[in-house]
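What follows is one structure encoded as structure tokens, with my remarks underneath.
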Amino acid sequence: GDSVTQMEGPVTLSEEAFLTINCTYTATGYPSLFWYVQYPGEGLQLLLKATKADDKGSNKGFEATYRKETTSFHLEKGSVQVSDSAVYFCALSDEYSGGGADGLTFGKGTHLIIQP
Amino acid sequence: KAGVTQTPRYLIKTRGQQVTLSCSPISGHRSVSWYQQTPGQGLQFLFEYFSETQRNKGNFPGRFSGRQFSNSRSEMNVSTLELGDSALYLCASSLNGQGVETQYFGPGTRLLVL
């Protein structure tokens, strides 16, 4: 079945540091890839997505590139802020040949802590 | 545009009881999915509804069920509650439930089973 693997953390960085959160996946079909962020006590918010190989998603300074050859979708940000502290989830949606998705498959989540 | 809303936000039940959670999707969205989030298992897909029909189902026992109404609002029901059902239950909506679409999540219902 489909799966997503990501570092769980916690990952602790200083403000303005460079961020990379690794995400790799296995899928049987033609997945779309997503990064979601969850702030304390809240639901999930979409951060960015990519729907085909070599697509780059970007939002709020975060970027991730869909790499089919390495089955990866690593999240990066050049300079993190305290307000970026949250849990980040990598996810995929595998659209089977008949159309329609089989739900999002999530990684375990990476707890990111940014210190001032 | 209003986001996905879920009620209630918090719920405390005892073992053996049943519970019903409600989700109102973003206006115009016809697909509603439900997820369970626990510290141990993470986020797991429960089921997805589209046009009042359950299209997809995750690997959960039959105690977990749901339905969708003609206005796309959805409810999920858990019968004979167990301690392990304590979790955050998240609802998400999208236009048609296709894989390339973004799913928009509500704030969740936190269920505690005592």
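Below is a table of values for the structure above.
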{"read-out": "Approximate spin-label separation B:ARG30-A:GLU76, in nm, with each point projected 7 Å along Cα-to-Cβ", "value": "4.0"}
{"read-out": "The protein assembly as shown, accessible surface, carbon-and-sulfur percent (1.4 angstrom probe)", "value": "49"}
{"read-out": "Shielding by other protein chains, B:88-95, mean Cβ within 10 Å", "value": "2"}
{"read-out": "Protection proxy ranking of A:82-95, B:78-91 - average other beta-carbon atoms within 10 Å, highest first", "value": "A:82-95, B:78-91"}
{"read-out": "Relative intensity, log₁₀ I(q)/I(0), of the stretch A:1-51 from a Debye sum that treats every alpha carbon as a point, q = 0.13, 0.31, 0.32 Å⁻¹", "value": "-0.43, -1.26, -1.26"}
{"read-out": "Relative compactness, chain B, computed as alpha-carbon Rg over 2.2 N^0.38 Å", "value": "0.99"}
{"read-out": "q = 0.07, 0.10 Å⁻¹, the protein assembly as shown: log10 I(q)/I(0) [Debye, one scatterer per Cα]", "value": "-0.22, -0.45"}
{"read-out": "The stretch A:46-85: mean projected area of Cα convex hull, nm²", "value": "3.1"}
{"read-out": "Segments A:8-17, A:35-44 sorted - mean Cβ within 10 Å per residue, highest first", "value": "A:35-44, A:8-17"}
{"read-out": "Positive-pole candidate from A:THR26, B:SER86, B:PRO8, dipole of the protein assembly as shown, charges at beta carbon", "value": "B:PRO8"}
{"read-out": "Buried on assembly, the stretch B:7-53 (at least 10 Å² less accessible surface than by itself, 1.4 Å probe)", "value": "B:ARG9, B:TYR35, B:GLN37, B:GLY40, B:GLN41, B:GLY42, B:LEU43, B:PHE45"}
{"read-out": "Positive dipole terminus of chain B, leading residue within B:GLN54, B:PRO107, B:TRP34 (C-beta point charges)", "value": "B:PRO107"}
{"read-out": "For residues of A:37-43, the mean tally of beta carbons on other chains within 10 Å", "value": "4"}
{"read-out": "Delta accessible area of at least 50 Å² on complex formation, residues of the stretch A:54-97, 1.4 Å probe, chain isolated as reference", "value": "A:GLU95"}
{"read-out": "Diffusion constant of chain A at 25 °C, which comes from Stokes-Einstein with the Kirkwood Cα-pair radius and 0.890 mPa s, µm²/s", "value": "172"}
{"read-out": "Eligible lysines near A:LYS68 by straight Cα distance, threshold 29 Å, same-chain separation 8 or greater", "value": "A:LYS49, A:LYS52, A:LYS56, A:LYS60, A:LYS77, A:LYS108, B:LYS57"}
{"read-out": "Residue-normalised accessible area of the protein assembly as shown, expressed per residue, 1.4 Å probe, Å²", "value": "47"}
{"read-out": "Area buried, chain A against chain B - accessible surface, total, 1.4 angstrom probe, square angstrom", "value": "1700"}
{"read-out": "Gained length - B:LEU114 relative to B:VAL100, 0.36 nm times residue gap less alpha-carbon distance", "value": "1.1 nm"}
{"read-out": "Extreme residue, positive dipole direction of the protein assembly as shown, given options A:LEU104, A:ALA17, A:GLN115 (C-beta unit charges)", "value": "A:LEU104"}
{"read-out": "Note, ³J(HN,Hα) from phi for the stretch A:5-17, Karplus 6.51, -1.76, 1.60, rounded to Hz, x at Gly and Pro", "value": "10, 9, 5, 8, x, x, 9, 10, 9, 8, 4, 6, 6"}
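The values are calculated or read from the model by the stated rules, or taken from the named source; none is laboratory data. Since the structure is predicted, the reported quantities are computational estimates derived from the model, not experimental observations. We place every Cβ from the backbone using ideal geometry, glycine too, and count neighbours over all the protein chains shown. Note: areas computed on protein heavy atoms with side chains; ligands, DNA, RNA excluded. Shrake-Rupley method; radii C 1.70, N 1.55, O 1.52, S 1.80 Å.
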